[in-house]
Amino acid sequence: MQKNNVIRTHHNILRAAIIMCAVVFQLLILTGCAVESKEAKGPEDKLDWFRDAKFGLFIHWGPSSLKGVEISWARKSHPFDHPGRGPFVPDEEYDNLYKRFNPVKFDADQWMKVAKEAGLKYVVFTAKHHDGFSNWHTKLRDYNIANTPFKRDICKELADAAHKYGLKLGWYYSTRDWSHPDYLVGDNKKYNDFYEGQVRELLTDYGKVDIVWFDHSSGGWGDYTFQQLFDMMYSLQSENLLVNNRAARFVKGAKDSPPSKELQELVLGDYDTPEQKIGKFQTDRAWESCMTMTKCKDGGGWSYRPDGKTISYKETVQTFVHTVTGDGNLLLNVGPLPTGEFPADQIAILKKMGKWLKKNGKSVYGTRGGPVHNGPWGGTTQKDNKIYVHVLNWPEDGSPLVLPALEKKIVRYKGFNVKKPSVKQTAAGIEIELPVKDRDEIDSIIVLETE
């Protein structure tokens with residue numbers, strides 16, 4: 001009896017050991033797979049949220065709004081740079097506008113609430129534009145918001161509100177600075193140290209920052225220490241910080257030696273930034289079209305311009321669709337009033353965009369452009385085995401919309417925001433028909449499900 005108990009005990013111990021080994025083995029496999037999967041994705045991982053987001057809010061704002069002129073470019077002098085286009089404001093007058101800047105109706109919480117309700121996923125704010133004025137309490141120069149009648153730290157309030165509403169935060173920072181006394185003077189060391197110091201402040205004092213959006217610089221490669229800048233930025237906000245492709249835009253020549261290939265690749269950042277136009281269909285590198293809601297005859301409209309015209313709701317939606325079907329993001333710009341409010345007509349459009357995205361967001365958020373290249377007719381987005389066909393313009397002669405052939409077989413289809421579509425797949429292509437009365441006047445969306 002005792003012998004049987006011993007044998008039984010040994011059996012139980014052996015059985016428990018086998019089960020434990022199996023569990024450990026499975027955990028090792030799962031862990032290994034997880035690591036392998038993560039490594040397999042490579043450095044593009046940090047762009048996943050950005051490419052899923054699709055829709056960001058750009059905000060250009062500063063003392064120039066007091067005169068309703070183009071931010072920075074209205075300043076008459078542009079040292080070491082493009083002369084710009086008028087009308088111009090004399091330097092002394094422009095550089096002293098900040099002494100009257102008092103946007104008493106500014107409410108960062110309201111701004112970010114509007115952005116959230118509009119379906120926007122991230123915000124990029126002009127911490128400093130080309131004119132050199134800083135919208136935060138920088139310790140490195142007196143030309144900043146602390147020395148205005150308003151006094152409050154706009155960047156701090158905006159960062160807190162963005163974090164509250166779950167929006168990713170980006171700082172726009174212009175390396176150009178037409179009012180700084182050390183800008184491109186001598187070896188540029190004083191100015192280089194200054195602007196790197198300001199970037200350090202922006203990445204140190206405002207919590208999590210997701211994007212640094214540089215905008216142009218002048219001078220030569222030897223005037224800047226870009227490797228040092230990028231090392232510093234990543235050390236402060238981790239390697240997941242996204243940087244656009246303009247950190248060294250317009251830098252010319254080399255005072256000492258040409259930049260290495262590695263350095264040139266470094267300053268290209270993580271994504272491209274076509275401006276005031278929809279980027280071309282591009283899936284191999286992330287991109288973001290930055291475009292204004294205000295259109296001006298001189299090509300501006302980034303900041304508050306009472307002489308400009310706000311684009312329509314339909315144009316806003318279709319610009320967005322053309323962008324995401326090309327596999328890009330839309331960074332849509334608002335120029336607040338000198339009082340601190342968003343223009344009422346632009347708020348109205350953003351609210352309509354929010355309703356459109358609440359209904360149709362599944363066809364854009366988290367998707368990728370393609371597989372069919374977009375064009376004047378519209379475009380496609382895709383996720384898993386679903387293809388969302390966005391038809392903005394149907395053939396004028398009433399014939400079916402014909403798209404190129406797909407490699408995969410379509411097993412079912414349906415209207416996403418429309419009824420009664422007809423889809424035929426042949427070796428030559430895909431024919432899509434929809435009665436005129438059933439078409440959406442802005443964007444008819446049809447879902448194709450493939451094998």
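No value in this document is a laboratory result; all are computed from the given coordinates. It should be emphasised that the depicted structure is a prediction, and the values quoted were computed from it without experimental measurement. Positions of Cβ are generated from backbone atoms using ideal geometry, with glycine treated the same way; all protein chains shown enter the neighbour counts.
Couplings 3J(HN,Hα) of region 334-343, computed from phi: 10, x, x, 5, x, 6, x, 9, 6, x Hz, in residue order, whole Hz [Karplus 6.51 cos²θ - 1.76 cosθ + 1.60, θ = phi - 60°; x for Gly and Pro].
Grab the Cα-Cα distance for Lys314 and Arg412, subtract it from 0.36 nm times how many residues apart they are, and report the gain in nm with one decimal.
Details: separation 98, 0.36 × 98 = 35.28 nm, distance 2.96 nm.
Full extension of this stretch gives 32.3 nm more.
Cross-link partners of Lys420 among aspartates and glutamates, defined as those whose alpha carbon lies under 13 angstrom from its own and excluding same-chain residues fewer than eight positions apart: Glu433, Asp438, Asp440. Take Asp91, project a point 7 Å from its Cα along the Cβ direction, then tell me which residues of region 162-192 have their backbone nitrogen under 14 Å from it. Answer for region 162-192: 177-185. Every helix of 4 or more DSSP H residues in the chain counts as -39500 (n - 2.57), and over all residues that averages to -9500 deg cm²/dmol at 222 nm. For the pair Lys113 and Lys297, the difference between a 0.36 nm per residue extended length and the Cα-Cα distance amounts to 63.1 nm.
In terms of packing, defined here as the mean over residues of other Cβ atoms within 10 angstrom, the peptides 398-408, 315-325, 267-277 line up highest first as 315-325, 267-277, 398-408. Rounded, prolate or oblate: which fits the chain, taking a ≥ b ≥ c as square roots of the Cα gyration tensor eigenvalues, rounded meaning a/c under 1.5, else prolate when a/b beats b/c? Taking the square roots of the gyration eigenvalues as a ≥ b ≥ c, the chain is oblate. You can think of it this way: the chain between Lys420 and Met232 has 62.1 nm of extra reach, that is 0.36 nm per residue less the Cα-Cα gap. Ordering Cys290, Cys296 by the number of other Cβ atoms within 10 Å of each residue's own Cβ, fewest first, gives Cys296, Cys290.
Remark: the Cα gyration tensor places region 258-409 in the oblate category, a/c being 1.5 or greater and a/b not exceeding b/c.
With respect to the cross-link table entries Lys383/Lys424; Lys46/Lys358; Lys121/Lys358, which display a Cα-Cα separation exceeding 23 Å? Lys46/Lys358, as the Cα separations exceed 23 Å there. Of Phe58, Phe80, the sequence from fewest to most neighbouring Cβ atoms within 10 angstrom is Phe80, Phe58.
Straight-line reach from Lys105: taking Cα to Cα under 18 Å and skipping same-chain neighbours fewer than 8 places apart, the lysines in range are Lys67, Lys113, Lys151, Lys156. Computed over neighbours whose Cβ is under 14 Å from that of Leu203, the net charge equals -2, Lys and Arg +1, Asp and Glu -1. Given axes a ≥ b ≥ c from the Cα gyration tensor, I'd like to know whether region 370-450 is rounded (a/c under 1.5), prolate (a/b larger than b/c) or oblate. Rounded shape, in that the Cα axes give a/c under 1.5. For Lys295, the residues whose modelled amide H falls within less than 5 Å of its own, excluding neighbours fewer than 5 places apart on the same chain, are Lys309, Thr310, Ile311.
Mean sequence separation of contacting Cα pairs (under 8 Å, at least six apart), scaled by the length of region 185-282, corresponds to a relative contact order of 30 percent.
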